[in-house]
Amino acid sequence: MKTIVLIVFNFLVSTGLASAVSPSSKIISNYKNFFLETCNTITEKEFIPNIVIGWNLKSKDNTRIHFIDSANKQEVQIVTNTRNKNQKNLKYTFYKDSKPELFLATRGLCIVNVARLIKRDSNGSIESISTLSADLLSEKLTEALNPEVPYLEPTTGIRVALIDTGINYLLPEITKNLAREKPSVLLGFDFEDGDKRPFDVDFVGSPFFPRHHGTSVASILIREAPNVQIVPYRFSRKNPCLFAKIIEDIARLDIKVALMPMGSQNIKTWQCFYDTAMKNKDILFIVSAGNQNKNIDTNQIYPASLPLENMLVISSGTIFGDLAKGSNFGSENVDLIVNAEQISVTDHRGVKSVASGSSYAVPRIGAMVVRFLAVNPEASIDKIKDVLKKRAIQYKKSSVKIGWIPDPLDDYLFKEN
């Protein structure tokens, strides 16, 4: 934690603004003036000379400048964007030990428009991200990215695994439906961080602006199957083969259904998943078809295009049964269509919103399965698939294998099986 606050402290100390930041026992030399000196130079003179003491110019082109301070193991990359001849916008990314720590975005005359500060734990993992005020005097908002799990007595329900970017277990409307090993210990796992806190965060785009997905998916599942007990798994982008460990844990917990609203085009990423799913035929994987407007019979998306009997592939359609704009299809590899366009969700912030796409079709089918298992707890995955087939209407069969489910909230046929 101490090395993180050094960034803002040394950056602000020359102007007396450091009072808003915890003091540090070590000052990184020549850091405090770097932003002000270089920002003014770039904005006014259209170039940046190598005059900042302690920093050496590593590389430079028309839009990107890279400085390095080898003595303090620091780097900074500056990206310039000239919107017009009178305004140059800048983006600064500061690194310590090659890890990003501070991001500043400016608009004309070096006015800070966005400031984001990463704080890390003792293991170097990102613990929180703070949004700083425009004057850099205070932290306006701090987002914890690996918080403790709130205490709640475990309850009963139909367990379903959700493999995604994690889940915001701090939200009351979400945490009440999470399966627990103990009151403050969730079932499931975070395979990215290697702990029992699978918090909803994905750094696929930027470490300063993570995206969130799993919470919105879970909110649909909870709304349409109130008796569900979600077992959340945060998958690892660093090591896709940990999918094998996820499946092994699902099997250990004797969970019949796993939701996977995700996919990619790289089959190598999914080899370990495929091998382990083949060995666990008593687990039904409900996966998304994707949203690239592709026929995934010929333009494969994985895991949706994998030849697995214990998998259902779901795509999004309109309320009339037509394939939704952008949704993937395929008469061999896509099984079902269900409406998931402009569907109500609770997002990672706890805000009511709407979402569209095959990712959100997955929990709708998942919720149907949960309600079916509530009255048919011994049903096999073949029986689950059979009921869903009976509920589907063969509509525009060239698009999907089985058909369209008009009303996934209807429990028709559930008690007859």
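Rule-based calculations on the coordinates, nothing more; no lab input. Everything numeric here is computed off the predicted structure, so don't read it as measured data. Don't worry about glycine lacking a Cβ; one is built from the backbone with ideal geometry, like all the others, and counts go over all protein chains shown.
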If you put +1 on each Lys and Arg Cβ and -1 on each Asp and Glu Cβ, how big is the dipole of region 171-294 around its Cα centre, in Debye rounded to 20?
140
From the C-alpha gyration tensor of the chain, pull out the three semi-axes of the equivalent ellipsoid (sqrt of 5λ each), sorted largest to smallest, in whole Å.
47, 24, 18
What is the percent of Cα-Cα separations in region 135-279 that go past 19 Å?
51
Hull shadow area, averaged, region 158-405 [alpha-carbon convex hull, nm²]
12.2
Listed pairs Lys281/Lys390; Lys73/Lys238; Lys140/Lys182 exceeding 26 Å between Cα atoms
Lys140/Lys182
By how many nm would the segment from Ala251 to Lys383 grow when fully extended, if each residue of separation counts as 0.36 nm and the alpha-carbon distance is taken off?
45.7 nm
Work out, step by step, the length gained on full extension between Ser344 and Asp61: first 0.36 nm times the residue separation, then minus their alpha carbon distance; give nm to one decimal.
97.3 nm
Residue separation times 0.36 nm, minus the C-alpha to C-alpha distance between Ser353 and Thr156: what's the value?
68.1 nm
Going residue by residue through region 145-151, the Karplus relation 6.51 cos²θ - 1.76 cosθ + 1.60 with θ = phi - 60° gives ³J(HN,Hα) values, rounded to whole Hz and with x marking Gly or Pro, of 10, 8, x, 5, 7, x, 6
I need the fraction of alpha carbon pairs in region 250-385 separated by more than 21 Å, rounded to a whole percent.
42
Out of Ser305, Ser128, Ser316, whose Cα points farthest toward the positive end of the dipole of the chain (charges: +1 Lys, Arg; -1 Asp, Glu; placed on Cβ)?
Ser128
